[in-house]
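Trainee: The structure's right below; bear with me while I get my questions together.
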Amino acid sequence: ARRTGDLWMGSYLLSYLTWQAVKAVVEKLGPDHVLYPSLLGQPLVDKWLHDRRILSQEPDEKLLRLATFPNKFMALVPAEEANNIAEEAEEAVYQEWQRLADRVWRALLRVTPDIEKAQKIWERQVKAFLKTSPRIYWAAYSWAESPQKIAELYRDLTGSGKFLDVLKVKGKYPHNAGTVYAACFELVERALGARKSLREFSPFEEPGGKCTVCGEREALNDGSDWSGRRFWERISERLHPHVRREGRERLCAVCAVKRFVQRELGLKDDFPSTDSVAAASFVQEVLDRMGDEKVVEAVRDFCNALENSPLKSVAFSGMNIPKLERKAREKAAETFVKIDGEWLFSESFEPGRVRRAHGIALDPRTADELRGKLGELTKRVGTKPLAYYAILVMDGDHMGRWLSGTHEGLPKFIELLHPDAKEQMEKVAQGDEEWAKLLSSKRLVSPSYHAAISRALANFALHCVPYVVEELHPGRLVYAGGDDVLALFPAADVLSASRELRALFSGEAKRLANGSILVEFGSGRWTGWLNWKGKPLLTMGNRATASIGIAVVHRLHPLQDALRQAREAEEAAKEVYGRNAVCIRWLKRSGEQVQMGARFYYQENCVQDSLKLLQEVQQLMERSEKGVRISSRFPMALMEEAETLSHLPFEAQEAELLRILIRHSEGTKETKEGILKPLAHSLAQLAQALDKHAGRDSNPYDLTKPQRGMLELAKWLSFLRFLAGGGER
């Protein structure tokens, strides 16, 4: 994707097409045959039930635009029908893809009949797409064998005899097929993995100039020139603003479907640009200040200047940030939030840039006037938009182990019993070694266990994630399929959102009366259930963790690279920082790249909440707390000494941190020591915890890799200085 709208629609299409496959199973056997994902409350499922007149109320359009189906599902089906059902599900996906493509083609023909000259290319690419790119794989395993045979096959393939050991345990109750359900799941997972590794390589030819979005398929053309530029010069005039003019954007059939299918799916084309996401924090600040008459006047003058300029046709495409739209209605500032974020940055009014990007002639005098009105607004508000935004990628840790019953956090049999039954069984186990062994072993996975995990993941994706991303923060959700999340945030909000998402995933949080989220990692009072609008929501529980990768990039940075950086950061959070971690890739406009990471907490180092501690420092750099404010010079001063400090004992690190903090802060001596002394102690503890991620050969000049603890802490503080100061200086 090169546009955020393409990114969202690509994710939505995968989610939507997965539902078509699931629906084929549901219509044949019923919804209770699908164990993963949970179908309860899924917007697409509820719409299907409404269309069948089973549900009286249709889901809200805002819910229907959420991509909440993962690209994989699991169902229990009659063994003799498994192959046919899988093939029917596969065919349902092909048919729906073809139907959507046909509707888009007809819509394009109505707008620009010239596109008919590319019909052969269109038909070839649409037909080949699902058979050559996102292939459909499936596997089935029969649960009809005897438990003994299934356990033996599991041992032969994995080398583990755990299910044979369970079968040997003596007792009054004979083992049945349910005993080896987890083994069946593991076997079918391995079968699916093996099938996916046997990829077909179907020959296909894409001879002409390539699509400027995917770079893989031939761009639609009429054969008049190799690149297709002249063809797109003609048809883009009628397709603008969805396609850039002058042939600068040339699409293949698949990317054209992705670009124009929203209306065919009944969705609005209202996904925000990277400019709007980056500017969202500034817009929120403006709306918060609308009680000031001078701010109101500056907003009105800027809006009027845009409306009376040649940019009117492109400037008011909308911020498309749900939180800001709600707030604007309260403040009677709907016109202001209709301005695309691009026009909240003064450099956007450069006449040459306007002509290249929008084909509009903007004279220098008008450009200067618009810049002046925007400058007056930023002056009245006291800040200006930060030209950076964040892409957040989240993924549950070891979800395969949770599903297969091999995760170390899986409860033991004895932990699942009622207290009275537990007391009785402990007495039995004292005189029976085999019962003692069974009670101390991990619980066996069952279909109901899988269904419970599916429910917990669905609760997180359907309730918690949209709330954090689009109600608590001015972000936009791209995808939330179980434990996987992809979202866009203004840079200033991404750390708070990361912390809230991670805590809600494991249920270590509480939604307060004012709507905010109270986060308490490691608190013994959380049961794994959330009280959500008066209803209990099951979560994965505090033994489950998740990792988050974040790319903080300039609004003009190529989206494809930003996505890659975010995914690599998420992988680093798992592999480099040891899971239950957050990793940030900070890509400066100058070309410099900085990576930093930390686990969400380090209980062994008495660090209960790493991000909360770091944000406390950021708050002290932004404003005075109890008469104390930390200078923006503090991170740089620490960076200068960090390499030397990394080799000193804890007490020396703590003392030097306190000295640097006091030197680079404002306030009286007493108030400084009262606030900064415990802060220095906590930061030294965090630095000691971060030290474990550094390799032996860590290079203090390579900021793209984990450093010794004090250096890693200095990188974090430099990033917080960037956020607190509103950008690079």
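Trainee: What trypsin sites (Lys or Arg not before Pro) does region 496-545 have in DSSP loop regions with at most 13 other beta carbons within 10 Å? Present the calculation step by step, with values, prior to reporting the outcome.
Mentor: Working: sites: 499, 502, 510, 511, 525, 533, 543; in loops: 525, 533, 543.
Listed in order of number, the matching sites are 525, 533, 543.
Trainee: Select from region 155-240 those GluC sites (Glu not before Pro) which occupy a DSSP coil region and have at most 10 other Cβ atoms within 10 Å, ordered by residue number. Mind showing how you got there, number by number?
Mentor: Working: sites: 186, 189, 200, 205, 216, 218, 233, 237; in loops: 200, 205, 216.
Of the GluC sites (Glu not before Pro), the ones in loops of region 155-240 whose Cβ has at most 10 other Cβ atoms within 10 Å are 200, 205.
Trainee: Moving on to the next point. State the Cα centre-to-centre distance between region 108-126 and region 592-663 in whole Å.
Mentor: 59 Å
Trainee: Counting only C-alpha contacts under 8 Å and six or more residues apart, can you give the relative contact order of region 107-254 as a whole percent? Don't skip to the end; give the middle numbers.
Mentor: Numbers: 166 pairs, mean separation 39.0, N = 148.
Taking the mean separation of contacting Cα pairs over the length of region 107-254, I get 26 percent.
Trainee: Next question. With each label point set 7 Å from Cα along the Cα-Cβ vector, what nm distance links residue 160 and residue 288?
Mentor: 4.9 nm
Trainee: Distance between the C-alpha centers of region 224-271 and region 456-501? Whole Å please.
Mentor: 30 Å
Trainee: Can I ask one more? Mind checking region 63-139 for GluC sites (Glu not before Pro) that DSSP puts in a loop (not H, G, I, E or B) and that have at most 13 other Cβ atoms within 10 Å?
Mentor: none
Trainee: Oh, and also: Scan [x] 39.0; [y] 37.4; [z] 35.3 for the value of mean projected area of the Cα convex hull in nm² calculated from this model and give just the label.
Mentor: Identified label for the calculated read-out: [y].
Trainee: How much length would be gained if the chain were fully extended between residue 383 and residue 417, taking 0.36 nm per residue of separation minus their Cα-Cα distance, in nm to one decimal?
Mentor: Details: separation 34, 0.36 × 34 = 12.24 nm, distance 5.80 nm.
Gain on stretching residue 383 to residue 417: 6.4 nm.
Trainee: So for region 588-729, if I pair up every lysine 8 or more residues apart or on another chain, how many of those pairs have alpha-carbons under 16 Å apart?
Mentor: Summing the qualifying lysine pairs gives 9.
Trainee: I've got another one for you. Can you tell me how much longer the chain between residue 356 and residue 131 gets when fully stretched, taken as 0.36 nm per residue apart minus their C-alpha distance, in nm with one decimal? All intermediate terms of the calculation are to be shown ahead of the outcome.
Mentor: Details: separation 225, 0.36 × 225 = 81.00 nm, distance 3.79 nm.
This chain segment gains 77.2 nm when fully extended.
Trainee: While we're on this one: Among the lysines, which have Cα under 20 Å from the Cα of residue 196 when same-chain residues fewer than 8 positions away are ignored?
Mentor: 72, 131
Trainee: Moving on to the next point. Name the aspartates and glutamates eligible as straight-distance cross-link partners of residue 62: C-alpha to C-alpha under 14 Å, and not fewer than 8 places from it in the same chain.
Mentor: Those aspartates and glutamates meeting the cut-off are 46, 269, 270, 325, 470, 471.
Trainee: Further question: Sticking with the crude label model, points 7 Å out along Cα→Cβ, report the distance from residue 334 to residue 107 in nm, one decimal please.
Mentor: Taking the simple label geometry, residue 334 and residue 107 are separated by 2.5 nm.
Trainee: What does the accessible area per residue of region 450-501 come to in Å², with a 1.4 Å probe and no ligands, DNA or RNA counted? Display every interim value, and only then the final one.
Mentor: Details: 790 Å² over 52 residues.
Ligands and nucleic acids excluded, the result is 15 Å² per residue.
Trainee: Let me ask something else about it. Pull up all non-local amide H partners of residue 585: gap of 5 or more, or a different chain, and H-to-H distance under 5 Å with H placed in the peptide plane.
Mentor: Correct list: 550, 551, 552.
Trainee: Mind checking which lysines have their Cα closer than 22 Å to the Cα of residue 294? Skip sequence neighbours fewer than 8 apart in that chain.
Mentor: 327, 331, 338, 373, 379, 384
Trainee: Under 5 Å between amide H atoms, partner at least 5 residues away or on a different chain: which partners does residue 546 have, H built in plane at 1.01 Å?
Mentor: Here 397, 580 satisfy the definition.
Trainee: For the chain, what is the calculated [θ] at 222 nm in deg cm²/dmol (nearest 500), taking -39500 (n - 2.57) for each run of four or more DSSP H residues and dividing by its residue count? All intermediate terms of the calculation are to be shown ahead of the outcome.
Mentor: On the way: 27 runs with 353 residues, N = 729.
Estimated from H runs of four or more residues: -15500 deg cm²/dmol.
Trainee: OK, next. Label-point separation (nm) for residue 119 and residue 619, each offset 7 Å from Cα along Cα-to-Cβ?
Mentor: 6.5 nm
Trainee: A further question follows. What length, rounded to one decimal in nm, is gained on full extension from residue 603 through to residue 514, with 0.36 nm per residue of separation minus their alpha-carbon distance?
Mentor: Working: separation 89, 0.36 × 89 = 32.04 nm, distance 2.95 nm.
Fully extending the segment from residue 603 to residue 514 adds 29.1 nm.
The values are calculated or read from the model by the stated rules, or taken from the named source; none is laboratory data. Because the structure is a prediction, the values reported are computed rather than measured. Because the Cβ atoms are built from the backbone with ideal geometry, glycine has one as well, and the counts that use them run over all protein chains shown. In case anyone asks, the SASA skips ligands and DNA or RNA and just uses the protein heavy atoms, side chains included. Shrake-Rupley method; radii C 1.70, N 1.55, O 1.52, S 1.80 Å.
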